[in-house]
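First the structure, in the form of structure tokens, and then the observations on it.
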Amino acid sequence: VNINSCVTFSLFEISSINNDYLRMPRLIEYAAFYGSIQIFKYLVLNDAEITSRLPEFAVAGGNYEIIHILEDMELSFQKTFYYAIRFHRNEVADYLSTNHNIKLATYMLQTCVLYYNVEELVELLCTNDDFQINAKDHGMTIFMFAAENGYLDLVMFFSMVKGININECNEVDVFFFF
């Protein structure tokens, strides 16, 4: 087996990051995703190609040893916060925001809503006083995003947050809450 080969498509793989028919992961990315430190180290020692997507897989996998190896290789983690939220790696999200100077953005809260990561959503809202609760990303506030995705409990939660505008419209003047 070529150490730079890609994992083959499988009907049994449930994670879309590992089963994107057009961008199947390499063996080293797959090992990072599943936190397989021994396989990961074997591939690194045998000169497997280090890809720019590797930090995304490492963050999704949540193995700190793999993350630290990639940091030592000076790979960028600037686009990995999404994966920490998506795969509920909240400790990794905290680590990234502390050690990689990642600033809060509206898309991060929307990602928390989309993947129902309530713990990280509350953490982000409680620790970022300067965040604009009615800020829009792709024309939607986090309140609108929760309503559009059918998360009634989050809609109820957001409706109690001080300063949220529940009558906000999206870019085509559609109300999300009546």
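Summary table
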{"quantity": "Hits in segment 72-101 (condition: touching a His at 6+ places or on another chain (Cβ under 9 Å) and farther than 15 Å from residue 114 by Cα)", "calculated": "76, 77, 78, 80"}
{"quantity": "Some residue of segment 43-62 being of a type in the set (Ser, Thr, Tyr) and open to solvent by less than 50 Å² (accessible area, probe 1.4 Å)", "calculated": "yes"}
{"quantity": "Identity of the residue in segment 72-82, open to solvent by 40 Å² or more (accessible area, probe 1.4 Å) and in a helix (DSSP H, G or I), that ends up nearest to residue 34 (Cα to Cα)", "calculated": "82"}
{"quantity": "Which numbered condition residue 125 fails, given (1) under 30 Å from residue 71 (Cβ atoms); (2) at pLDDT below 85", "calculated": "(2)"}
{"quantity": "Subset of segment 83-97 (residues that are in a helix (DSSP H, G or I) and touching a Gly at 6+ places or on another chain (Cβ under 7 Å))", "calculated": "92"}
{"quantity": "Criterion: of a type in the set (Val, Ile, Thr), modelled with pLDDT of 95 or more, open to solvent by less than 60 Å² (accessible area, probe 1.4 Å) and in a helix (DSSP H, G or I) - qualifying residue of 69, 39", "calculated": "69"}
{"quantity": "Residue in segment 1-18 that is open to solvent by 60 Å² or more (accessible area, probe 1.4 Å), under 23 Å from residue 115 (Cα atoms) and touching a helix residue (DSSP H, G or I) at 6+ places or on another chain (Cβ under 7 Å) present", "calculated": "no"}
{"quantity": "Contacts under 8 angstrom Cβ, first residue in segment 66-78 being farther than 15 Å from residue 45 by Cβ, partner open to solvent by 70 Å² or more (accessible area, probe 1.4 Å), 6 or more apart", "calculated": "75/52; 76/52"}
{"quantity": "Pair list, Cβ under 6 Å, 6 or more apart: segment 37-58 residue over 12 Å from residue 26 (Cα atoms), other residue in a helix (DSSP H, G or I) and open to solvent by 60 Å² or more (accessible area, probe 1.4 Å)", "calculated": "37/65"}
{"quantity": "Count of residues meeting criterion [at pLDDT below 80 and assigned to a loop (DSSP other than H, G, I, E, B)] in segment 11-36", "calculated": "6"}
{"quantity": "Which numbered condition residue 88 fails, given (1) modelled with pLDDT of 95 or more; (2) over 18 Å from residue 16 (Cβ atoms); (3) surrounded by fewer than 22 Cβ atoms within 10 Å (Cβ to Cβ)", "calculated": "(2)"}
{"quantity": "Identity of the residue in segment 135-160, modelled with pLDDT of 85 or more and surrounded by fewer than 13 Cβ atoms within 10 Å (Cβ to Cβ), that ends up nearest to residue 110 (Cα to Cα)", "calculated": "150"}
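A quick yes/no check of all residues on (1) in a helix (DSSP H, G or I); (2) in contact (Cβ under 8 Å) with a residue 24 or more places away in the chain:
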residue: 102; (1), (2): no, yes
residue: 113; (1), (2): yes, yes
residue: 122; (1), (2): yes, no
residue: 129; (1), (2): no, no
residue: 133; (1), (2): no, yes
residue: 146; (1), (2): yes, yes
residue: 150; (1), (2): no, no
residue: 157; (1), (2): yes, no
residue: 163; (1), (2): no, yes
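The values are calculated or read from the model by the stated rules, or taken from the named source; none is laboratory data. Here the structure is a predicted model, which means the values were calculated and not measured. Glycine also receives a Cβ, built like all others from the backbone with ideal geometry; neighbour counts cover every protein chain displayed. Just so you know, the surface numbers come from the protein's heavy atoms only, side chains and all, with ligands and any DNA or RNA stripped out. Shrake-Rupley method; radii C 1.70, N 1.55, O 1.52, S 1.80 Å.
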